[in-house]
Amino acid sequence: MGTALAMHAARRGLDVALWANPLDERALEAIRSEGRHPALPEHVPSSLALHAPHELERAAAGCEIAVMAASSSGARSLARMVAEVARGATFVVSLAKGLETETGKRVSAVYEEELPGSTVVAVGGPCLASELALGNPSASVWAGRSAGDARRAGEVLEDRHYQLQYTDDVVGVEYSSVMKNVAAIGMGILDGLGKLSDERFRNAQAALFTKAIQELTALVTALGGRAETAQGLAGLGDVLVTSLGGRNRLFGERVGEGADPKAALDAMVEQGLTVEGVESSRAVDRLARQAGMELPYHQAVYRVLFEGRDPRHVMDVLC
């Protein structure tokens, strides 16, 4: 997603530097040799400046908006890598959709701790990196301590291909982004079960999708977010797009087809694919228990992934 957003920004005529940290060297080499990121369908614009790990200071020179594209598990280490050179940035923009594994903190809070003095903005909503890279119409929601902060960070990127909404409901956007990945895994499990039996389970998917949104709204509001956030782009919209075509849905499909969850995850990680929803499933189960809430659909996904339940257990929620 970091590369896709950088591509969009470059097409907008902005001065963009794409820096690869040491874990990104394989992707950087592919961009340099083939002209595109291995996970994206479109070539990067020639105006996009590429920087290797040792070129961080050069990449960050004059930076006003630092877009942090690490996963939730890597957010703190990335922040520490760039802390010295990113101090001059007015905005730090988080693209992560998960919670820090060790602490359970929202990623915006991690960046506020590690990069004091910067205004942190969290991005949510239904935006697949592949479609943004192609320039297909996309929409996101940017959240800051004030909607005005979010707007000032995002407005330079906004156009008819990338339409933005702005809010001060950072809590709602980030927790919606956590839960949507878990919901999408469940939708993928049903797709996988359908492949095994040559059925489609569309009725069950529709019913469980509705239940997922109800549960997402209930937990997000219990944690301090707003219902309209959960039922807007950050929640309902992102559950829909991720259920139709995201990595979490693909992981769920493989589990539904009978793959061991750990083996399926390891295989995707080996392919360079991040599946935030697995750890998010642990987090959602923990948050629900702490809040004294029952979330049958999300907790069924958790049981399949971590307690050895048969994938068909997800459909038991309807019984």
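Under 13 Å from the 7 Å Cα→Cβ point of E34, by amide nitrogen: which residues of region 44-80? Only 44 fall inside the zone, counting backbone N under 13 Å. Amide H contacts under 5 Å for Y162: S138, restricted to partners 5 or more places along the chain or on a different chain, H placed in the peptide plane at 1.01 Å from N.
Please report the carbon-and-sulfur percent of the accessible area for the chain; probe 1.4 Å, protein heavy atoms only, DNA, RNA and ligands left out. Solvent-exposed carbon and sulfur of the chain make up 48 percent of the total. For region 176-319, the relative contact order comes to 37 percent (Cα pairs under 8 Å, sequence separation of at least 6).
Taking the DSSP bridge list for the chain and keeping only pairs wholly inside it, about 25 percent are antiparallel.
The alpha carbon centroids of region 271-312 and region 149-175 are separated by 28 Å.
Whole-Hz Karplus values for region 215-226 come out as 5, 4, 4, 5, 6, 4, 5, 5, 8, x, x, 9 Hz, taken residue by residue from phi with 6.51 cos²θ - 1.76 cosθ + 1.60 and θ = phi - 60°; glycine and proline positions read x. Packing, taken as the mean count of other beta carbons within 10 Å per residue, orders the peptides 119-128, 199-208 from highest to lowest as 119-128, 199-208.
Solvent-accessible surface of the chain, averaged per residue with a 1.4 angstrom probe and all protein chains in place: 45 square angstrom. The Cα-based radius of gyration of region 206-319, divided by its Kirkwood radius, gives an Rg/Rh of 0.95. Each label point was placed 7 Å from the Cα along the Cα-to-Cβ direction; for A267 and D310 their separation is 2.1 nm.
For region 197-239 versus region 28-72, the inter-centroid distance based on Cα atoms is 34 Å.
A simple spin-label model places the labels of L318 and E102 4.3 nm from each other, with each point 7 Å out along Cα-to-Cβ.
Applying a DSSP loop filter and a limit of 15 other Cβ atoms within 10 Å to the GluC sites (Glu not before Pro) in region 20-121 leaves E64, E84, E102.
Working from label points 7 Å from Cα in the Cα-to-Cβ sense, the Q214 to N136 distance is 3.1 nm. When only Cα pairs below 8 angstrom with a gap of at least 6 residues are kept, region 1-93 shows a relative contact order of 28 percent.
The values are calculated or read from the model by the stated rules, or taken from the named source; none is laboratory data. Predicted model only: the values in this text are computed from it and were never measured. Please note: Cβ atoms are built from the backbone with ideal geometry, for glycine as well, and neighbour counts cover all protein chains shown. Please note that ligands, DNA and RNA were not included when accessible areas were found on the heavy atoms of the full protein model with its side chains. Shrake-Rupley method; radii C 1.70, N 1.55, O 1.52, S 1.80 Å.
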